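In what follows, a single structure is set out as structure tokens and then discussed.
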Amino acid sequence: MSTPTTTILITGANQGLGFETARQLSKHANLHIFLVGRNPTRVQEAQTKITTEDGCQASIDKLTIDVSDDESIKAGVEELKSKLRGAALDVLVNNSGVAFEGQIAEKGLRRVFEETYAVNVFGATVVADSLLPLLKQSKTAGGGRILNISSGLGSIANMADPNGEYKDKWFYAYNSSKSALNAITVTLAMKNPELNVVSIDPGYNATNLNRYTGHLDPKDGVKVIVEHALGKVGKSPGFYSNEGEVPW
């Protein structure tokens, strides 16, 4: 008897943590992975890199979606339905994210908040909400899964520790956007008990988001994302890192 295919959609999959998550997942058979990004050329390039790399066993598909644009999300969901041909979506990796803290002087604080929340909170929420019907069709153990890619900077408990790991990283917009995303995780989990919904803190990875200043290699940082995407089911709602549970 053949193993059922698990369908996984990853937003922000053309670079950084999203790309590395997709790359590592591609080494597993019986997966249908959708790479999502707003730039079709870059998404195509990511698909080509992954499918031509040694060891790729998964089916790699792509979608163009701008998570800050509701019409783009709507069109992308319809295209996804067409490509799934009646099948379910098993896992959503809500990974798209932005950070503009270094542009406050140029843009102004209000605009930095608006642009950050448009992707990190509003976009992630609208994407998840739009995909609920497909996720609820999942027959995987523990139900359909939503992985909201958060940050330790979104942990209010961590940020309130003046001597903690994140001291001196008290950023207005980015940190609060990840705290808000954590609240969305809780809301989605409580409203949809048949799903498993968690926030993931992959650590401070060297990516384009932070101009490669992070001390972690994304190859290591995404391990916790890959584990949960492949079926590790923590409590829902929950907040997890590579080291274990993270305080809200």
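The values are calculated or read from the model by the stated rules, or taken from the named source; none is laboratory data. In this text, all values refer to a predicted model and were calculated from it rather than measured experimentally. Note that we place each Cβ from the backbone using ideal geometry, even for glycine, and neighbour counts take in every protein chain shown.
Looking only at the stretch 33-57, which residues are in contact with a strand residue (DSSP E or B) (Cβ under 6 Å, 6 or more places away or on another chain) and not polar (S, T, N, Q)?
Ile33, Phe34, Leu35, Val36, Pro40, Val43, Ala46, Ile50 - these are the residues of the stretch 33-57 that are in contact with a strand residue (DSSP E or B) (Cβ under 6 Å, 6 or more places away or on another chain) and not polar (S, T, N, Q).
What about Asn14, is it in contact with a Lys or Arg (Cβ under 8 Å, 6 or more places away or on another chain), polar (S, T, N, Q) and either free of Cβ contacts under 8 Å to residues at least 40 places away in the same chain or surrounded by 24 or more Cβ atoms within 10 Å (Cβ to Cβ) (or both)?
Here the answer is yes, as Asn14 does meet what is asked.
For the stretch 114-123, state whether one or more residues are touching a residue at least 40 places away in the same chain (Cβ under 8 Å), under 22 Å from Lys232 (Cα atoms) and either out of contact with any helix residue (DSSP H, G or I) (no Cβ under 7 Å at 6 or more places or on another chain) or surrounded by 15 or more Cβ atoms within 10 Å (Cβ to Cβ) (or both).
Within the stretch 114-123, not a single residue is touching a residue at least 40 places away in the same chain (Cβ under 8 Å), under 22 Å from Lys232 (Cα atoms) and either out of contact with any helix residue (DSSP H, G or I) (no Cβ under 7 Å at 6 or more places or on another chain) or surrounded by 15 or more Cβ atoms within 10 Å (Cβ to Cβ) (or both).
I'm told Tyr172 meets every condition in (1) in contact with a strand residue (DSSP E or B) (Cβ under 9 Å, 6 or more places away or on another chain); (2) modelled with pLDDT of 95 or more except one. Can you identify the failing condition by its number?
Tyr172 satisfies all of (1) in contact with a strand residue (DSSP E or B) (Cβ under 9 Å, 6 or more places away or on another chain); (2) modelled with pLDDT of 95 or more except (1).
For Ala29, only one of the following conditions fails: (1) touching a Phe, Trp or Tyr at 6+ places or on another chain (Cβ under 7 Å); (2) part of a loop (DSSP other than H, G, I, E, B). What is its number?
Among (1) touching a Phe, Trp or Tyr at 6+ places or on another chain (Cβ under 7 Å); (2) part of a loop (DSSP other than H, G, I, E, B), the lone unmet condition for Ala29 is (1).
Can you pull out the residues in the stretch 70-109 that are assigned to a loop (DSSP other than H, G, I, E, B) and either more than 17 Å from the chain's Cα centre (by Cα) or closer than 18 Å to Gly16 by Cβ (or both)?
Once the filter is applied, which keeps residues that are assigned to a loop (DSSP other than H, G, I, E, B) and either more than 17 Å from the chain's Cα centre (by Cα) or closer than 18 Å to Gly16 by Cβ (or both), the stretch 70-109 yields Arg85, Gly86, Ala87, Ala88, Asn95, Ser96, Gly97, Val98, Ala99, Phe100, Gly108.
Results for (1) of a type outside the set (Gly, Ala, Ser); (2) within 25 Å of Val222 (Cα to Cα), shown as yes or no for each residue.
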| position | (1), (2) |
| --- | --- |
| Asn95 | yes, yes |
| Ile104 | yes, no |
| Gly108 | no, no |
| Asn120 | yes, yes |
| Ala128 | no, yes |
| Pro133 | yes, no |
| Gln137 | yes, no |
| Gly142 | no, yes |
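Which pairs do you get when a residue that is closer than 15 Å to Asn14 by Cβ and outside any helix (DSSP H, G or I), found in the stretch 40-60, comes within reach of a residue that is at pLDDT 95 or above and of a type in the set (A, V, I, L, M, F, W, C), reach meaning Cβ atoms under 6 angstrom, with the pair 6+ apart or on two chains?
The qualifying pairs are Ile60/Ile33; Ile60/Ile50.
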